[in-house]
Every structure is written in structure tokens, then in C-alpha cells.
Amino acid sequence: MEFKEGKHSILMVSDFFYPNFGGVENHIYLLSQCLLKLGHKVVVMTHAYANRSGVRYMTNGLKVYYAPWKPFLMQNTLPTFYGTLPIIRTILIREKISLVHGHQAFSTLCHEALMHARTMGYKVIFTDHSLYGFSDIGSIHMNKVLQFTLADVSQAICVSHTSKENTVLRSGLPPEKVFVIPNAVDTTMFKPAPERLSMDPIVIVVISRLVYRKGADLLVEVIPEVCHLYPNVRFIIGGDGPKRVRLEEMREKHSLQDRVDMLGAVPHAKVRSVLNSGHIFLNSSLTEAFCIAILEAASCGLLTVSTRVGGVPEVLPDDMIVLAKPDPSDMVHAIKKAIRILPHIDPQEMHRRMKEMYSWHDVAKRTEIVYDRALRCSNQSLLERLPRYLTCGAWAGKLFCLVMIIDFILWRLLQLWQPDSEVEPVPDFKRTELKTEVRK
């Protein structure tokens, strides 16, 4: 593809992508689609899913490399440090990539791709989608890995101001290198039901992974109390996870089988139909950087009740959401308030406001500005970059320097074994030609 001046060739990298569903997966896909429409070239790299391996093409010619590695833990590949270098180098050269954009601090593939890209002299951008603590063992180790990755990143993006503060504190990255670009919602897909639902019964919808971090234990205490206070309230719970057993036990214990529907995992294509069957959306997360699910629910005209955690207070105006402490009694009180104001909520008006507030096209335009700034950063040699890693700690800094030196040596050996000129570049789709082929 012939790119206009100022257009970029971008490699999106993360362990989290389709056919797996979640906020990060949707973010990467929808952002990529909008960047394609702006004239950029976008390629996605992720690990293999079941029998999905190799190269696949998605809507508008979005090319996806499903690298031949299986997930090791929680959809993450096994850390190899240098095992991914040959294939990442080949993709970068073949696709004529100009910058690499990694997503999610949990992603092993993201960290390794950014490390190799910096070794090869590419500009890199990192987007953080989650919040992390500072005191538990897992967070301490994760924060040190993030500090290593962001020590030499060109620019960083966070999805909320709370997330930016968290990322800056954890990584030591200068705040001026971190930009806040919120998520968005596809309002053409998430629309209210044509006719307003009857208020009898009042249906409260929960769509979430049923894990501790998403507050599934809070639901176990909140649901029976609400059902006791309001005989005309029903719950629909979509999602799966290790805490599903506790919710089913709660339903059995309080004899709520006819008032609490457990749908299990809900495909993303069916989320809208589930949301359109309810009046209130309940989010019980204990930590959340942004929460796209709240946007999807509001776009469908549902009043939201949510825990006041992380970046959630930044998502919606006060008249579209009722916030509560992550405490069962306070959440019950918030649900009472939501039920009182529910008759005054106009789903169509809420949807119209969401269209004005959130747009993936706007997210893509703002991300484009970050890309332009990253490409204006000066090129530096390995010796000029190593002092940044030394600031990561007395021992960790020296270890990180050693890791980068070895990576540089391996890259040079790969160049001797197969020079860049011998790596055949791939032909690119031209969107005009692609549309012509579709019409035929």
C-alpha cells in the first residue's frame, strides 16, 4: 500500500486478542479499524488460539499474525525473553513497520515485542489498561517488569487519569510522556430496545468475569438483600469464572432460582440483546481502570450502578450513574436510589448523549497524535539507552542492562545469519482494491 506522508505502519502486539473476548481485545480491534480508515497500515500480532494459527485477515484487510505459541497462564504465553526475537524481527521487516504499539501490562508477548523493537531501533508505544497495587508479591514483580519495559518506551497511553497516576507511580515514567485517551463504545452496535421495557419486573443486569477482582463476592451478599427488599426485581448474570459456584450456591440457599438467571459466558455479539432485556446495569468491580462494559450498558440506555473504584467515576456524568463504596450495604443503598430515579431515565436520550461523548474515531485521531510525537523522538544507540535501565534499581538495573546487551548481540547475529535485505517484504492490501474484489 502506498501511504500518504504522515501515515504510519503500525504493529499492535498483545496476548489478548480475538477470538478471546474482553476490553483489551475490543480496544485493539476497534482502534485498528479506525486507524485503517484514517489511511494507516495496521498489523496485529498475538499468540495462537486453539487451531487458529498463522496469518488471518479480518474486516477491512486487518492482518493478524497468530504466532505458534500456546497460552501458558491466563491467556499469556510463557516468558522466553529471546525466543520471540526471530519471528518479531521477521514481521517488522516484512511488514515495513514504522512503530510498535503494545497493549496490557499482563501481556508477556507485549513486553518482549517492545524490548526487541527498541533493540532494533523502532519507536514503541505502550497502552496500560489496568490498575495494580504496590504491596502484594504479584504486584511488586509486575511493577518491576513494567519499570523495565517503560524505561525505554517512546510514549505511553492510559485509559483514565487514575490509570495514568497509577502507571507513573509504578513505572517511574515522566508524566509528560504519558497521555490519557479513554476507551469508547460502538454506538451503532449498542442501541436501546425500540420500545421501552415495562417496569414490572425491574431487571438488573450483570455482565462480567466472575472472579474476585470483578467483585463477584460482593454480588453474593448484595443480590439476596435486594431481592428481599424488592419482590419485583430480577437479576440476569452473564459471565463465567471460578466465583460462579458461589453465586449458584447463593441462589440455591435463598431459593432465588426463579429470580436470578445465570447465563454463563455471553458471546460479544449477544451482549446487546442481554443488556436490552434490563433496566439497570450493575458493576461490582474492586479495581477498574475504565470499564468498557459501563459504556456499552449506557449506550443501550441502562442506568448504571457501580462501585467507586479506579477510573470508574471518570466514565459517565453523575446523572447517568450511581456510585457506591465496594461494600454490600452501600451497594444496596445505591441500587435503592437507582430504582427510585429509574422512571425518569430516557434510554433514547442516554444513547444520544453517548454518541456525542464517545467515539472510536476520536480515540484513533488522538492516538495518531501520540504516534506522531513518538516518531519525532531522537534515535539513540544502545550505549545511550543503557543508563535508563540503571535507574531501575541497584541490582535490577544491572540485570536489565545485561538483558538488553544480550538481546542486542542476538539481533546482530540474526542480521549476519539473514541480512535484512534477504527478508522478502509482503505485498499490502490496497483498501480500494479490496472493496472492488468484495463487490465482484
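The values are calculated or read from the model by the stated rules, or taken from the named source; none is laboratory data. Please read these numbers as outputs of a predicted model, since none were measured by experiment. In this analysis, Cβ positions are derived from the backbone assuming ideal geometry, glycine residues included, and neighbour counts consider all displayed protein chains. Note: accessible area is taken over every heavy atom of the protein model, side chains too, but ligands, DNA and RNA are not part of it. Shrake-Rupley method; radii C 1.70, N 1.55, O 1.52, S 1.80 Å.
Restricting the search to the range 77-135, which residues are among the polar types (S, T, N, Q), more than 19 Å from V426 (Cα to Cα) and in a helix (DSSP H, G or I)?
Selection gives T108, T119.
Can you find a residue that is more than 20 Å from D330 (Cβ to Cβ) and open to solvent by 40 Å² or more (accessible area, probe 1.4 Å) anywhere in the range 278-294? Break it down stepwise before answering.
Step one: of the range 278-294, the residues more than 20 Å from D330 (Cβ to Cβ) are 278-279, 289-290, 292-293.
Keeping just the survivors that are open to solvent by 40 Å² or more (accessible area, probe 1.4 Å) gives none.
Looking through the range 278-294, none of the residues is more than 20 Å from D330 (Cβ to Cβ) and open to solvent by 40 Å² or more (accessible area, probe 1.4 Å).
With the requirement that a residue be under 13 Å from H351 (Cα atoms) and touching a His at 6+ places or on another chain (Cβ under 9 Å), what does the range 190-199 give you?
Within the range 190-199, F190, K191, P192 qualify.
Hey, among R353, R366, R340, which residue is over 29 Å from the mean Cα position of the chain (by Cα) and at pLDDT 95 or above?
R340
Kindly list the number of the only condition in (1) touching a residue at least 12 places away in the same chain (Cβ under 8 Å); (2) open to solvent by 60 Å² or more (accessible area, probe 1.4 Å); (3) under 21 Å from G23 (Cβ atoms) that fails for I181.
(2)
Does the range 184-198 hold any residues that are surrounded by fewer than 20 Cβ atoms within 10 Å (Cβ to Cβ) and in contact with a helix residue (DSSP H, G or I) (Cβ under 7 Å, 6 or more places away or on another chain), and which are they? Let's see the steps before the verdict.
Kept after step one, since they are surrounded by fewer than 20 Cβ atoms within 10 Å (Cβ to Cβ), are these residues of the range 184-198: 186, 188-189, 191, 193-198.
Once the filter is applied, which keeps residues that are surrounded by fewer than 20 Cβ atoms within 10 Å (Cβ to Cβ) and in contact with a helix residue (DSSP H, G or I) (Cβ under 7 Å, 6 or more places away or on another chain), the range 184-198 yields D186, M189, K191, R196.
Within the range 207-215, is there a residue that is open to solvent by less than 40 Å² (accessible area, probe 1.4 Å), of a type in the set (F, W, Y) and under 29 Å from the mean Cα position of the chain (by Cα)?
No - not one qualifying residue is present in the range 207-215.
For the range 163-178, give me each residue that is surrounded by fewer than 21 Cβ atoms within 10 Å (Cβ to Cβ) and under 19 Å from the mean Cα position of the chain (by Cα).
E165, V168
Yes or no: R272 assigned to a helix (DSSP H, G or I) and closer than 30 Å to V180 by Cα?
yes
Enumerate the pairs (first residue in the range 30-44 and closer than 20 Å to V426 by Cβ; second residue anywhere and among the charged types (D, E, K, R) and assigned to a helix (DSSP H, G or I)) with beta-carbon separation below 8 Å, excluding pairs fewer than 6 apart on the same chain, so at least 6 apart or on different chains.
L35/E368; L36/R431; H40/E368
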